[in-house]
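Read the structure below first, then the notes.
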């Protein structure tokens, strides 16, 4: 997921951009879950940078205490892929009002 960033202000600086996911309501997860972050190089005022986030299966999964069989005949909880509609939020913090939102569905 690419994200273009142009800093505000009059100084050279780098910025840490954060990717939060909103899971489908049935998953029971918090409204925003931090799943990745990326730091830009130092940018001059008005200069832009593009950062890329890759969302893996693990970032789309939640820990479940639900008992599932293991290959060796035992039982245990584990990571469960969540299916449904997600929203990705990218910005400088979870409270950023200028966040980029993108919706996607895991089938």
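Looking at 19, 31, 75 in this structure, which one is surrounded by fewer than 16 Cβ atoms within 10 Å (Cβ to Cβ) and modelled with pLDDT of 95 or more? Quick ask: steps written out before the conclusion?
Working: 19 fails: surrounded by fewer than 16 Cβ atoms within 10 Å (Cβ to Cβ); 75 fails: modelled with pLDDT of 95 or more.
Only one candidate passes the filter, namely 31.
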Legend entry - Top-ranked residue of segment 80-93 - restricted to ones that are loosely packed, with under 14 Cβ neighbours inside 10 Å and in a loop (DSSP other than H, G, I, E, B), ranked as modelled with the highest pLDDT: 83
Inset, instruction - State whether one or more residues within segment 34-41 are in contact with a helix residue (DSSP H, G or I) (Cβ under 6 Å, 6 or more places away or on another chain) and touching a residue at least 24 places away in the same chain (Cβ under 8 Å). - result: yes
Inset, instruction - Answer yes or no as to whether residue 45 is free of Cβ contacts under 8 Å to residues at least 60 places away in the same chain and either under 17 Å from residue 104 (Cβ atoms) or loosely packed, with under 13 Cβ neighbours inside 10 Å (or both). - result: yes
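The values are calculated or read from the model by the stated rules, or taken from the named source; none is laboratory data. None of these values were measured; they are calculated from a predicted model. Using ideal geometry, Cβ is built from the backbone for each residue, glycine included, and neighbour counts are taken over all protein chains shown.
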